[in-house]
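Only one structure is covered here, and it is reproduced in the block below.
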Amino acid sequence: MAHILIKNGRLLDPLRGTDRIGDLYLEEGLIAEPDACKGRNPEAEIDASGCWVMPGLIDLHVHLRDPGQTDREDVESGSRAAAAGGFTTIVAMPNTKPVIDTPEKALYVRDKAEKCAPIHVLQSGAATMGEKGLEPADIKGMAGAGVRAVSEDGRSVMNAELCRRVFEMVKEAGIPFLDHCEDADLVSGGCVNADAVQEREGIPGIRNCVEDVIIARDILLAKETGVKLHLCHCSTEGSAVLLRKAKEMGIDVTGEVCPHHFTLTSEDRIPGDTNYKMNPPLRTERDRQALVHALADGTFDVISTDHAPHTWEDKQKGMQKAPFGIVGLETAVALTLSELVHSGILTPLQMAEKMSGNPSRILGLEEYGTLAEGTPADVTIVDPDAEYRIDAERFVSKGRNTPFHGRKVRGRVKCTICGGRIVYQNE
């Protein structure tokens, strides 16, 4: 492991609440005392003047498509894309083919990541066998195999009693439940937000209640069971209202917003362009404003990507038949800076909190969300003022499905360090 000296950076430590200019020394895979480098020649020096130095970013919501759909993404390509996006830890969703619902299947991803991933890849396990919503998966066994969270991502556990039992099992395992909130009976074949734009296009819409109903139900089930509940990819005004109320009631619940939901609305959609098709869909400006305000006041704790790569062929099937999802690992930092930090909505320290500190706390891995001495040398260096246009053709990910191709942004990842090793560097 290299000895690395990071000089003159703006050090942002969300768990300690510090924001200062200084140097950071990394030694033997750990963050060392500042004076440890005196009289020594580090193997690498990084001039971080004008840059922000944060604990390695953590994404709670990533689809690696591995096993089963590796033409879209795999552990190696997805983890390399994450490194390029500034992430040193990602949580892979279990809705692969086959579904990750046993310890053996979870170990497949862990073992593959150990061989080829430059960063930490944590696997989540399914809530029910095959994500069929009929019987609980082996939650205890998967937790014993290293699974750090449980999720039925891609759908909700629609049977409320089964969901309650799953929450009890997840609570006993001591890990969080990452909740995809979608009432399947209310979707009714919708593919975009239900609003005036959708009505003009004449295609089926997805109402806000599709999300809000399950959020309300699962908050109540979390109160009943005591599970640590995390609401994924929140997109509605109602989600902010419900989460805020749950926190006021003392329920152990957190929530995330994705960059596409705080950046775009249904009015931004180009008719027929399936790169604007994601689930939940792009909502109205009123919803977007509610999400932004709730990020600023701390109601929403996390910014995650819901990175969902698809092939070009799959996305050519038309708005109603094409799969939901866009890629996000390599655009999240730039969009967060451009839309939230440079506009004064979030401070730099709040950005570090929502993209590193809070995710580490939710996973019970606080040592990865700080720059404290003796903690793992996972570090992200960002140039907040670099201006460029997003170019999907230069993505490391296999996926090119993004609505942000050609968008001018301000802010770029300069360097990603994981375990004391430089795993990405923008020259």
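The values are calculated or read from the model by the stated rules, or taken from the named source; none is laboratory data. On a predicted model such as this, the values are computed, not experimentally measured, just so you know. Cβ: placed from backbone, ideal geometry, glycine included. Neighbour counts: every protein chain shown. Calculation scope for accessible area: heavy atoms of the full protein, side chains included, ligands and nucleic acids excluded. Shrake-Rupley method; radii C 1.70, N 1.55, O 1.52, S 1.80 Å.
For K115 and D297, the difference between the fully extended length at 0.36 nm per residue and the C-alpha to C-alpha distance is 61.4 nm.
The residues of the range 206-268 present an accessible area of 34 Å² per residue when probed at 1.4 Å with all protein chains retained. Charges were assigned to the Cβ only: +1 to each Lys and Arg, -1 to each Asp and Glu. The resulting dipole of the chain about its Cα centre is roughly 420 debye.
Each label was represented as a point 7 Å from its Cα along the Cα-to-Cβ direction; for A196 and E366 these points are 4.9 nm apart. Note on T284: accessible area is roughly 50 Å² with a 1.4 Å probe, heavy atoms of protein only.
Taking 26 Å as the straight-line reach from the Cα of K414, the lysines in range (excluding those fewer than 8 positions away in the same chain) are K7, K38, K115, K354, K398.
Were the residues from E248 through R410 laid out at 0.36 nm apart, the gain over their Cα-Cα distance would be 54.8 nm. Could you please state how large a percent of the accessible area of the range 208-272 is carbon and sulfur, counting protein chains only and using a 1.4 Å probe? Ligands and nucleic acids excluded, carbon and sulfur reach 56 percent. Per residue, the chain reaches -7500 deg cm²/dmol at 222 nm when only DSSP H runs of four or more residues are counted, each adding -39500 (n - 2.57).
Taking all protein chains in place and a 1.4 Å probe, what share, in percent, of the accessible surface of the range 1-64 do carbon and sulfur account for?
Working: 1220 of 2790 Å².
Of the solvent-accessible surface of the range 1-64, carbon and sulfur hold 44 percent.
Placing a pseudo-label 7 Å from each Cα along the Cα-to-Cβ vector at A44 and E387 gives an inter-label distance of 3.0 nm. Note that the range 33-101 presents 33 Å² accessible area per residue, ligands and nucleic acids not counted, probe 1.4 Å.
Please work out how much length the chain gains when fully extended from F324 to T18, using 0.36 nm per residue of separation minus the C-alpha to C-alpha distance, in nm with one decimal.
Numbers: separation 306, 0.36 × 306 = 110.16 nm, distance 3.92 nm.
Value of the extension gain: 106.2 nm.
So with the 1.4 Å probe, I'd like the accessible area per residue for the range 287-427, rounded to whole Å². Spell out each step's value before the answer.
Numbers: 5190 Å² over 141 residues.
That works out to 37 Å² per residue.
Projecting label points 7 angstrom from Cα along Cα→Cβ for K317 and L134 puts them 2.4 nm apart. Solvent-accessible area assigned to carbon and sulfur over the range 83-177 amounts to 50 percent, based on a 1.4 Å probe. Computed from the alpha carbon positions, the gyration tensor of the chain leads to an equivalent ellipsoid with semi-axes of 33, 24, 21 Å, biggest first.
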